[in-house]
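Notes for the one structure printed next.
The values are calculated or read from the model by the stated rules, or taken from the named source; none is laboratory data. Given the structure is predicted, the values throughout are model-derived calculations rather than measurements. Quick reminder, even Gly has a Cβ in these numbers, built from the backbone with ideal geometry, and neighbours come from all protein chains shown. What goes into the accessible areas is simple: the full protein's heavy atoms, side chains included, and nothing from ligands, DNA or RNA. Shrake-Rupley method; radii C 1.70, N 1.55, O 1.52, S 1.80 Å.
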Amino acid sequence: MGREPEMEEARENGGVGGSVLPLASLISPTGNEVQISELEGKIIGLYFAANWYPKCEAFTPALTAAYHQLKEHGAGFEVIFVSCDENRPSFERFHRAMPWPAVPFGDIGCKKRLSERFQVEGIPRLVVLAPNGEVVQPDAVELVHRYGDRAFPFTSARVAELEADEQRKFASQTLEKIFSVNGKDYVNGSQEQVPISSLVGKTVGLYFSAHRCAPCIKFTAKLAAIYSNLKGKAEDFEIIYIPMDKEEDGYLRSCSDMPWLALPYDDGASSGALARYFDVREIPTLVVVGPDGKTVTREGRNLVNLYFDMAFPFTDEQIRLLQEMEDEDAKGYPPSLRHTGHRHELSIVSDKSGGGPYICCECDEQGLGWAYQCIACGYEIHLRCGRDMEGRAE
């Protein structure tokens with residue numbers, strides 16, 4: 001309903017070159033002029049972004065890949081960068097990494113009108129317009145993340161088609177089908193190729209990670225210890241490294257730090273397809289596939305951080321059991337205490353009384369729900385970390 005005034009105005013003014021982009025030309029990444037008339041008849045994506053925001057830096061390569069694919073297939077699609085950068089050098093540096101034109105940095109009036117017209121309150125934002133200027137999709141960022149170039153032309157009918165197809169794929173998902181994207185029926189072990197068929201019937205973790213990624217380095221060490229523990233218990237568990245490395249050298253270095261299997265390196269084609277399939281937005285990510293080949297959870301990283309090897313086999317039933325155990329254990333903790341790491345009194349909270357996801361200020365690990373919390377300043381620690389205390393509050 002909120003889009004109706006925009007659509008009506010676009011109809012009255014004759015499309016993208018009318019009131020939507022009230023300027024004569026755009027600027028290419030190399031600094032050349034691009035005439036607005038060159039956009040006639042095309043579907044346009046207005047890309048609001050800034051180089052200083054990590055989510056924009058992460059999304060731009062995904063949009064670039066989709067853009068190149070659509071260009072190769074002759075699709076009538078163009079992207080226009082609407083910069084939210086704070087200065088010209090930042091704009092120019094970010095724009096040079098893009099293959100599409102931009103609203104000139106100095107045209108502040110045009111950028112302001114576009115932001116106001118499309119109610120841009122956060123970035124990245126990709127507003128998709130039909131050739132007549134009508135809004136097709138108020139924000140296609142999620143669609144590009146999930147479907148890449150297949151999201152084109154971004155209409156509601158196309159989105160419904162993709163979602164239905166996705167549901168069918170997940171319903172019929174098997175381990176072999178997951179790895180059919182790379183045309184190989186094996187993954188790499190330390191000394192030999194391991195057939196995918198030999199992993200059927202096991203719980204398999206798909207570990208999306210990369211070399212020189214600080215969060216990945218930290219989580220890999222923890223995951224390796226848990227992997228070793230589960231192997232020692234003879235659990236039917238395996239992990240496959242899905243490389244998000246940009247270069248093969250990084251992939252090889254990552255493999256040398258990991259005791260599990262790895263997807264063969266192919267310049268990121270297979271990894272990218274798997275990342276889109278499982279909607280992976282950040283690394284590290286641990287997707288867990290059950291013995292039946294169906295996805296158990298995409299939140300394996302969080303579950304490992306919270307419950308360590310007790311999270312296995314990562315099912316809803318197991319997590320419910322662990323949460324019930326936490327609730328029972330919490331009854332044995334004092335309602336408040338003073339901790340050596342903080343000057344204020346800490347009170348016990350749960351997810352029902354003000355608790356939620358947090359990073360423990362004592363051990364720097366993830367927590368959820370039960371915690372000792374400082375109401376005054378937000379300091380939070382795990383209940384177990386609260387055992388190191390100076391004395392209980394009266």
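So the values come out like this:
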quantity	calculated
Over segment 25-165 - Rg/Rh using Cα atoms and the Kirkwood inverse-distance radius	0.94
Segment 175-320 - share of DSSP beta bridges that are antiparallel (%, nearest 5)	55 percent
Counted charge near Cys213, where neighbours are those whose Cβ lies closer than 15 Å (Asp, Glu -1; Lys, Arg +1)	+1
Whether segment 97-165 is rounded, prolate or oblate, judged on the alpha carbon gyration tensor where a/c under 1.5 counts as rounded	prolate
Hits among lysines - C-alpha to C-alpha of Lys331 under 23 Å, sequence gap 8 or more where chains match	Lys352
Debye-sum result for segment 175-320 in log10 I(q)/I(0), which assumes one identical scatterer on each alpha carbon, at q = 0.15, 0.17, 0.21 Å⁻¹	-0.69, -0.92, -1.53
Residues of type lysines that Lys42 reaches as a straight line, Cα spacing below 29 Å, ignoring anything fewer than 8 places off in the same chain	Lys55, Lys71, Lys111, Lys112
Cα centroid of segment 77-120 to Cα centroid of segment 214-284, whole Å	36 Å
Amide H contacts of Glu299 (H built 1.01 Å from N, under 5 Å, at least 5 apart or other chain)	Val288
Per residue convex hull volume, Cα atoms of segment 333-388, in Å³	67 Å³
Within segment 22-76, GluC sites (Glu not before Pro) in DSSP loop having at most 15 other beta-carbon neighbours inside 10 Å	Glu40
Top of Gly45, Gly293, Gly369 by mean-square fluctuation, Gaussian network on the chain, Cα under 10 Å	Gly369
Choice from Ile319, Ile123, Ile359 with maximal GNM fluctuation in the chain (Cα, 10 Å cutoff)	Ile359
Lysine-lysine proximity count for segment 180-280, Cα under 19 Å, sequence distance 8 or more or distinct chains	4
Solvent-accessible surface (1.4 angstrom probe) belonging to Arg281, in square angstrom, nearest 10	90 Å²
Share, in percent, of DSSP beta bridges within the chain that are antiparallel, nearest 5	65 percent
